[in-house]
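Q: Please find one structure pasted underneath; my questions will follow.
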Amino acid sequence: MKEEKPKLTVTKPFLPPLEDFLPYLEKIWEDKILTNNGNFHAELEEKLAEYFGVPYVSLFANGTLALLIALQSLDIQGEVITTPFSFVATTHCLWWNNITPVFADIEEKTCNIDPAAIEAAITDRTTAILPVHVYGYPADVERIEQIARKHNLKVIYDAAHTFGSKFDNVSLASFGDLSILSFHATKVFTTFEGGAIISHTPEQKKKIDYLKNFGFAGETTIIAPGINAKMNEFQAALGLLQLEHIDKAIAMRKKAAKVYMNELSNIAGLRLLGEMPRLEQNYSYFPIFIDKDKLGASRDEIYAKLKQENIFARRYFYPLISNFPAYSSLPSSNIDNLPIANKMAEQVLCMPIYSDIGAEALRVARDLKRIIANI
């Protein structure tokens, strides 16, 4: 009987040694402060601001709540130009704020929103741009900033994939009027669930912190209709411990990415994003793009064959947000408006990558090569 290979998933959370977490738990038990801006919460905000090289960090229970509040804090209304090539929460946050999403096409080279498409989509109802740094690769922050200044628009970055990524030695979390991070279990840096807003003035941070705590500005003073979006002490404690290991965890991911690049480069019909000039990557995902006409098999056929090898890659992002029923009737969702995004969504396949994948990365790459050779 053929021995079954170990199951490999597209990602797996990095968790530090359990014994290192116990002193944090003991401190929580001792202080009996579980939430509401406890000591670990305050310490993590301070240390993350230092790590990113930014003025202010506001922690959240998750990244979706962070983005919801970011839009509220800047009083964004009307239309916001964004990408359809993202996780659906990016656009859902617009919907929940009664904002009309306007989808702009992406660049094939990076899968990030195309600045030329942004400018073409601007109307007198446009108030902001919501780009995504897809897979930890930077959107064209320089051109987007120029467009925003020219048209007096706010820029909020969905930087959920960017923890540890730097562009020109500057954290990707530092760009825009605000940047949003996710610390979900699938991310490079995790606090179980969690997220953050990076802001640049004390006034911004104060408003954000009011909104995430029901609008309280004092024991009996409510200054705005806020919500409960606070990070608790358990999440913050894990975040503090994760920070001690994050650089090592990213370095381990880099080794796996190098294996993939060495093994999978120069295969006709298979494209990698690879390294990018001026970028220090975090290797949050390792996407490949399959051209059916050149490879001889579709992305979905390769996806299914990998499953037979107990390798669970992910078609990420697929389908496009613009193709979901909630958004497909929008004029900007028309396939003629989004040819590159639709093409990439049909080709993309993210390979397993996480800190302790180790030698299994070579297994994945060679199984994939064998599948391709046998097509």
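The values are calculated or read from the model by the stated rules, or taken from the named source; none is laboratory data. Because the structure is predicted, anything quoted here is derived from the model rather than measured. Methodologically, a virtual Cβ is constructed for each residue, glycine included, from the backbone with ideal geometry; neighbour enumeration extends over all protein chains shown. Heads up: the accessible areas ignore ligands, DNA and RNA and are worked out on the full protein's heavy atoms, side chains in. Shrake-Rupley method; radii C 1.70, N 1.55, O 1.52, S 1.80 Å.
Q: Using a basic spin-label model with each label point 7 Å from the Cα along Cα→Cβ, how many nm lie between Phe214 and Leu25?
A: 3.0 nm
Q: Decide, for the stretch 222-324, between rounded, prolate and oblate: order the square roots of the alpha carbon gyration tensor eigenvalues as a ≥ b ≥ c, take rounded if a/c falls under 1.5, and otherwise choose prolate if a/b is larger than b/c, else oblate.
A: It comes out prolate by the Cα gyration axes.
Q: Could you work out the relative contact order of the chain, using alpha carbon pairs under 8 angstrom and six or more residues apart, expressed as a whole percent?
A: 23 percent.
Q: Modelled label-to-label distance, Glu108 and Arg370, 7 Å Cα→beta-carbon offset: nm?
A: 3.3 nm
Q: Nearest 5 percent is fine: what portion of the DSSP beta bridges confined to the stretch 155-236 is antiparallel?
A: Bridges in the stretch 155-236 that DSSP calls antiparallel: roughly 75 percent.
Q: Cα to Cα, under 12 Å, and not fewer than 8 places away if on the same chain: which aspartates and glutamates meet these conditions relative to Lys292?
A: Asp300, Glu301, Glu346
Q: Going down the table (Lys154/Lys254; Lys27/Lys166; Lys187/Lys294; Lys207/Lys230), which pairs top 23 Å between alpha carbons?
A: Flagged as over cut-off: Lys154/Lys254; Lys27/Lys166; Lys187/Lys294.
Q: With charges set only on the Cβ (+1 for Lys and Arg, -1 for Asp and Glu), what does the dipole of the chain come to about its Cα centre, in debye to the nearest 20?
A: Computed about the Cα centre, the dipole is about 1020 debye.
Q: Taking the alpha-carbon set of the stretch 140-245, what are its Rg and Dmax in Å?
A: Rg then Dmax for the stretch 140-245, in Å: 15.8, 46.
Q: Jot down the radius of gyration and Dmax of the chain, Cα atoms only, both in angstrom.
A: That works out to 21.1, 70 Å for Rg and Dmax.
Q: Could you give the distance between the Cα centres of the stretch 221-239 and the stretch 284-354, to the whole Å?
A: Value for the Cα centre distance between the two parts: 35 Å.
Q: Still on this model: Looking at the chain as a GNM with Cα springs under 10 Å, which of Asp177, Asp336, Asp114 has the largest mean-square fluctuation?
A: Highest fluctuation of the listed residues: Asp336.
Q: Need the full-extension length gain, Ala116 to Ala185, defined as separation in residues times 0.36 nm minus the C-alpha distance. One decimal, nm.
A: Extra length from Ala116 to Ala185 when fully extended: 21.4 nm.
Q: Out of the total accessible area of the stretch 116-240 (probe 1.4 Å, heavy atoms of protein only), what percent is carbon and sulfur?
A: Summing carbon and sulfur atoms, their accessible area is 52 percent of the total for the stretch 116-240.
Q: Here is a further query. Only bridges with both residues in the chain count here: give the DSSP antiparallel percent, nearest 5.
A: 60 percent
Q: Quick check for you: with a 1.4 Å probe and neighbouring chains kept, what is the accessible area per residue of the stretch 18-172, in Å²?
A: Here the residues of the stretch 18-172 average 44 Å² of exposed surface.
Q: Let me ask something else. Using 7 Å Cα-to-Cβ label points, what is the Asn323/Glu263 separation (nm, one decimal)?
A: Rounded to a tenth, the inter-label distance reads 2.8 nm.
Q: Then there's this: Mark the label point 7 Å from the Cα of Trp95 along Cα→Cβ and return the residues of the stretch 184-199 whose backbone N is within less than 16 Å of it.
A: none
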